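J.: Below is the structure I would like to discuss, written out as structure tokens.
FYI, it's all coordinate maths here, none of it is from the lab. None of the values given here were measured: they were computed from a predicted structure. Backbone-built Cβ (ideal geometry, glycine too); neighbour counts: all protein chains shown.
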Amino acid sequence: MTHIIWKNLEQVEHYARIRYRTVDQWWVNNREMHLVNRLFKKYQLKGTILDVPCGFGRFNKLLNNYGTVYAAGLNHFAVLYYNKKVCSKLPAIEASAEDLPFNDNNFTGVFCFRLLQHIHNSKERIAILKEFNRVSSNWLVVSFYVSSWLHHIQRSILKMPAKITMITKSQLMQEAQTAGLRLHSMHSILPGFHAHRICLFYKLSSL
């Protein structure tokens with residue numbers, strides 16, 4: 001698994017300041033926020049929401065428009081930053097996405113953004129989705145990087161390192177079904193050019 005390992009609070013603060021400062025990343029951030037907000041509005045996704053991993057709390061304000069937000073993250077300093085700078089009333093806890101310390105059906109839904117593309121093994125992705133399924137009573141909003149012919153050409157020409165795992169839509173649907181989920185809708189950040197997809201799943205048991 002590839003992820004950022006923050007070693008102190010200052011590193012998290014620095015990352016939060018610069019991550020979406022350039023023009024292209026500013027646009028990506030705005031586009032992602034717009035799509036997530038539209039998704040929650042369109043499908044009336046409300047209730048208790050688990051944000052995992054919460055990172056530096058980028059989506060906290062938006063998610064609070066749709067319910068009560070709880071948060072979890074694996075990195076100690078990210079959780080510390082979240083509780084200090086983002087939300088102290090409902091503090092985030094340190095926990096792994098594969099082993100969440102919550103009861104079954106504890107939340108209405110689970111929100112997971114920009115994690116699964118760092119999981120390079122199908123069994124690990126399925127295990128995480130199963131854990132999200134377990135703690136959710138209804139829905140999941142999870143982002144993936146979904147490959148296309150354009151991305152294959154781009155990576156072959158530029159010889160890009162495989163830091164991010166892209167999966168096909170059929171593979172995504174198969175992994176979701178194995179985890180007890182049904183893909184309801186998929187939304188592209190930039191159709192035809194950007195691989196990032198925001199996906200809405202429902203529990204098969206709730207249909």
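J.: Quick one: work out the % antiparallel among DSSP beta bridges in the chain, nearest 5.
T.: On the way: 15 of 31 bridges.
The antiparallel proportion sits near 50 percent.
J.: Just check segment 10-71 against the gyration tensor rule for me: Cα atoms, a ≥ b ≥ c as the square roots of the eigenvalues, rounded for a/c under 1.5, and otherwise prolate or oblate depending on whether a/b exceeds b/c. Don't jump to the answer; show the numbers that get you there.
T.: Details: a/c = 3.62, a/b = 1.43, b/c = 2.53.
Judged from the Cα gyration tensor, segment 10-71 comes out oblate (a/c at least 1.5, b/c at or above a/b).
J.: Taking amide hydrogens as modeled 1.01 Å from N in the peptide plane, which residues meet the under 5 Å criterion relative to Y70, leaving out close sequence neighbours?
T.: The answer is I49, L50, D51.
J.: Sticking with this structure for a sec: Convert each backbone phi in segment 86-102 into a coupling constant with the Karplus relation 6.51 cos²θ - 1.76 cosθ + 1.60 (shift: θ = phi - 60°), then list the ³J(HN,Hα) values in order as whole Hz, x for Gly and Pro.
T.: Values per residue, Gly and Pro as x: 10, 8, 9, 6, 10, x, 5, 10, 7, 6, 8, 4, 7, 8, 8, x, 10 Hz.
J.: Mind listing the long-range amide H neighbours of A95? Cut-off is under 5 Å, sequence gap 5 or more, other chains count too, H placed in the peptide plane at 1.01 Å from N.
T.: Under 5 Å from the amide H of A95: G73, L74.
J.: Just to check I understand the Karplus step: with θ = phi - 60° and J = 6.51 cos²θ - 1.76 cosθ + 1.60, what whole-Hz values come out for segment 54-70, glycine and proline as x?
T.: Result, ordered by residue: 6, x, 9, x, 4, 9, 4, 4, 5, 5, 5, 6, 10, x, 8, 9, 10 Hz.
J.: Pull up all non-local amide H partners of S137: gap of 5 or more, or a different chain, and H-to-H distance under 5 Å with H placed in the peptide plane.
T.: For S137, whose amide H was placed from the backbone, the distant partners under 5 Å are F107, T108, G109.
J.: As an exercise, take the mean of 1/r over every pair of distinct alpha carbons in segment 9-206, invert it, and state the Kirkwood radius in angstroms. Before the final figure, lay out each step's value.
T.: Values: mean 1/r = 0.0578 Å⁻¹.
About 17.3 Å, per the Kirkwood formula over Cα pairs.
J.: Over the chain, what is the relative contact order in whole percent, taking alpha-carbon pairs under 8 Å and six or more residues apart? Write out the running numbers ahead of the final one.
T.: Values: 346 pairs, mean separation 37.5, N = 207.
It comes to 18 percent, rounded to a whole number.
J.: Please list, in order along segment 195-203, the HN-Hα scalar couplings obtained from phi with the Karplus expression 6.51 cos²θ - 1.76 cosθ + 1.60 (θ = phi - 60°), rounded to whole Hz, x for Gly and Pro.
T.: Once rounded to whole Hz, the list reads 7, 5, 10, 9, 10, 9, 10, 10, 5.
J.: Label K123 and Y43 with points 7 Å out from Cα along Cα→Cβ: what is the distance between them in nm?
T.: 2.9
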